[in-house]
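For reference, the structure discussed in these notes is given below.
The values are calculated or read from the model by the stated rules, or taken from the named source; none is laboratory data. Note that the coordinates shown come from a computational prediction; the quantities given were computed from them, not determined experimentally. All Cβ positions, glycine included, derive from the backbone under ideal geometry; neighbour counts span all protein chains shown. Surface areas here come from the heavy atoms of the whole protein model, side chains and all, with no ligands, DNA or RNA. Shrake-Rupley method; radii C 1.70, N 1.55, O 1.52, S 1.80 Å.
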Amino acid sequence: MIKEEILHLAQAYFAEVRDYRRHLHQHPELSFHEYETAKYIAAFLQKEGIPFEDNWVKTGLVATIEGNNPGKKTIALRADIDALPIKELTGAAYASKNEGAMHACGHDVHTACLLGAALILNDTREQWEGTVKLIFQPGEEQLPGGASQMIAEGLFEKHPATAIFGQHVMPELEAGKVGFRKGMYMAACDELYLTVSGKGGHGAMPHKATDPILVSAHIVVALQQIVSRRANALLPTVLSIGHIEGKGATNVIPEKVEMQGTLRTYDELQRQEAHQQIKDLCSGLAQSMGAHCEVKIIKGYPPVNNHPQLTERAITFARELLGNENVVPLEMRPTGEDFAFYNQVMPGCFFRLGTGNIAKGITASVHSPHFDIDEEALKTGMAIMSFLAVSELSAD
Ligand code: NI
């Protein structure tokens, strides 16, 4: 049976894939600069005789593994390959050798697991039908994101697929487990830049000025009513102002206050409405107080909306492979992920790979300089990616 074969191979390839992960971890590269990483992946694919194309958005790669009857159906598997501008503090033997860069979001793990899946799928290709595309995607951590750019470069015109899977490490979940959520899962993340301008003056004579500090204070408070009164109460919305700067003094009313914040939404319509409400509120409120507010919104990634039927099937396959107790439901998560762009063009399922281990003290969160994984998770990661691909290929 293919399931046993995959579990067996994941065990057999574990040491090799762990070495890949450690190499990638030691040599992290920042978004859109993953040149050595791309070369490393290319060398692996070449060695294994797996056909691939490189140079997608400069550092992205697409590999192809054909089973029997390759035209039957195509499933895509995606790993992001970039690191973060963080100085690693794990003290691990395989810690980053690139000063100021660290795989603190586990993209080394995603990449290594996809290399492992490549080994497994290549070995078993006589035992399944269809084609698997392996997408090694650059620049997940930086706007506009490698996913949208690969799609814009014609990724799916050249490599059409019927569905796509992607996984992400989750230190809050124990190694050996995976988590799924169908429908709305992760948030659209938009950046807010507000500039309130008024007429500066002496703090003792505010009637001769238009105080942008007071206007800004009103705006910060009033913005929360968009979350609590305007947004659909059934759809979580988050709005946080994280930066406010007005360079006056005890007795000086400044001319300008600058604010920055973030907006997180799970629904595209809700997102568009919130943008308009923020603009209307800021300019209207400022105007009513004799000031002016300029609102700039930089759109980040769209919400990750997992395809319901595909995700239902993935949960069934995951239970079959790992056992019911190792497949858990996920809560919605107000962070962003550019896998969302794949979900916009085809059925997609983005799920979580447990990488934590409380007993071993492996609990640091992603984006922390102390982040690390229980490497046992690599077995689960390469097995689940392989099994989801072959199971979905044989699904009706
Ligand atoms: Ni990440």
Problem set entry | From Gly200, Gly179, Gly146, residue being touching a Pro at 6+ places or on another chain (Cβ under 6 Å) and within 16 Å of the ligand (Cβ to nearest atom) | Gly146
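I'd like the full set of residues that are open to solvent by 10 Å² or more (accessible area, probe 1.4 Å) and closer than 19 Å to Gln11 by Cβ, limited to the range 343-373.
Taking the range 343-373 as the starting set, the residues that turn out to be open to solvent by 10 Å² or more (accessible area, probe 1.4 Å) are 343-347, 357-370, 372.
The answer is Asn357, and nothing else.
Regarding the range 358-376, can at least one residue be identified that is within 19 Å of Glu172 (Cα to Cα) and in a strand (DSSP E or B)? So that I can check it myself, show each step before the final result.
We begin by selecting, within the range 358-376, every residue within 19 Å of Glu172 (Cα to Cα); these are 358-376.
Okay, now just the ones that are also in a strand (DSSP E or B), so 362.
Looking for residues that are within 19 Å of Glu172 (Cα to Cα) and in a strand (DSSP E or B), one finds at least one in the range 358-376, hence yes.
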Exercise. Can you name the condition, by its number, that Leu77 falls short on among (1) over 22 Å from His103 (Cβ atoms); (2) out of contact with any His (no Cβ under 9 Å at 6 or more places or on another chain)?
Worked result: (1)
Exercise. Across the range 284-333, what is the number of residues that are assigned by TED's automatic domain parsing to the domain that holds Ala217, in contact with a helix residue (DSSP H, G or I) (Cβ under 8 Å, 6 or more places away or on another chain) and part of a helix (DSSP H, G or I)?
Worked result: 2
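Please verify whether Leu194 is within 30 Å of Leu234 (Cα to Cα), away from the ligand (no atom under 16 Å from the Cβ) and crowded, with 22+ Cβ neighbours inside 10 Å, treating the condition exactly as stated.
Numbers: within 30 Å of Leu234 (Cα to Cα): yes; away from the ligand (no atom under 16 Å from the Cβ): yes; crowded, with 22+ Cβ neighbours inside 10 Å: yes.
Here the answer is yes, as Leu194 does meet what is asked.
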Exercise. Of everything in the range 93-115 that's among the hydroxyl-bearing types (Ser, Thr, Tyr) and away from the ligand (no atom under 12 Å from the Cβ), which residue is nearest to Glu141 (Cα to Cα)?
Worked result: Ser96
Exercise. Taking the range 1-23, which residues are among the aliphatic types (A, V, I, L, M) and at pLDDT 95 or above?
Worked result: Ile2, Ile6, Leu7, Leu9, Ala10, Ala12, Ala15, Val17
For this session: Could you tell me which numbered condition Ala340 fails, if it satisfies all but one of (1) modelled with pLDDT of 95 or more; (2) surrounded by fewer than 22 Cβ atoms within 10 Å (Cβ to Cβ); (3) of a type in the set (Gly, Ala, Ser)?
Result: (2)
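Just the residues that are part of a strand (DSSP E or B) and either of a type in the set (A, V, I, L, M, F, W, C) or more than 17 Å from Glu268 (Cα to Cα) (or both), please, taken from the range 182-201. Working first, answer last.
Narrowing the range 182-201 to residues part of a strand (DSSP E or B): 183-186, 188-197, 199, 201.
Matches in the range 182-201: Met184, Met186, Ala188, Cys189, Leu192, Tyr193, Leu194, Thr195, Val196, Ser197, Lys199, Gly201.
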Exercise. Quick one: Glu255 ticks every box in (1) under 24 Å from Ser240 (Cβ atoms); (2) not assigned by TED's automatic domain parsing to the domain that holds Phe156 bar one, so which box is it?
Worked result: (1)
Seminar exercise, completed: Flagged pairs (Cβ under 6 angstrom, 6 or more apart or on separate chains; first in the range 370-396, of a type in the set (Ser, Thr, Tyr); second assigned to a helix (DSSP H, G or I)) are Ser386/Ile6; Ser386/Ala117; Ser386/Ile120; Ser386/Leu121; Ser391/Phe317
For this session: Report, by residue number, each residue of the range 106-127 that is of a type outside the set (S, T, N, Q) and open to solvent by 10 Å² or more (accessible area, probe 1.4 Å).
Result: Asp123, Arg125, Glu126
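When you go through Ile244, Ile213 one by one, which is the residue that is open to solvent by 70 Å² or more (accessible area, probe 1.4 Å) and not in a strand (DSSP E or B)? Walk me through how you get there before you give the answer.
Values: Ile244 fails: not in a strand (DSSP E or B).
One residue alone meets the criteria, Ile213.
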Problem set entry | Members of the range 142-181 found to be under 16 Å from Cys113 (Cβ atoms), open to solvent by 20 Å² or more (accessible area, probe 1.4 Å) and of a type outside the set (A, V, I, L, M), listed by number | Gly176, Lys177
Problem set entry | Top-ranked residue of the range 8-17 - restricted to ones that are out of contact with any helix residue (DSSP H, G or I) (no Cβ under 6 Å at 6 or more places or on another chain) and touching a residue at least 40 places away in the same chain (Cβ under 8 Å), ranked as farthest from Lys87 (Cα to Cα) | Gln11
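Would you confirm whether or not the range 119-128 contains a residue that is touching a residue at least 40 places away in the same chain (Cβ under 8 Å), among the aromatic types (Phe, Trp, Tyr) and within 16 Å of the ligand (Cβ to nearest atom)?
The initial filter retains those residues of the range 119-128 that are touching a residue at least 40 places away in the same chain (Cβ under 8 Å), namely 119-128.
Checking the rest, the ones that are also among the aromatic types (Phe, Trp, Tyr) come to 128.
Then drop every residue that is not within 16 Å of the ligand (Cβ to nearest atom), which leaves none.
There is no residue in the range 119-128 that is touching a residue at least 40 places away in the same chain (Cβ under 8 Å), among the aromatic types (Phe, Trp, Tyr) and within 16 Å of the ligand (Cβ to nearest atom).
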Problem set entry | Matching residues, the range 212-245, being more than 27 Å from Leu269 (Cα to Cα) and touching a Ser or Thr at 6+ places or on another chain (Cβ under 7 Å) | Pro212, Ile244
Exercise. Is one or more of the residues making up the range 234-243 touching an Asp or Glu at 6+ places or on another chain (Cβ under 9 Å), modelled with pLDDT under 95 and more than 16 Å from the ligand (Cβ to nearest atom)?
Worked result: yes
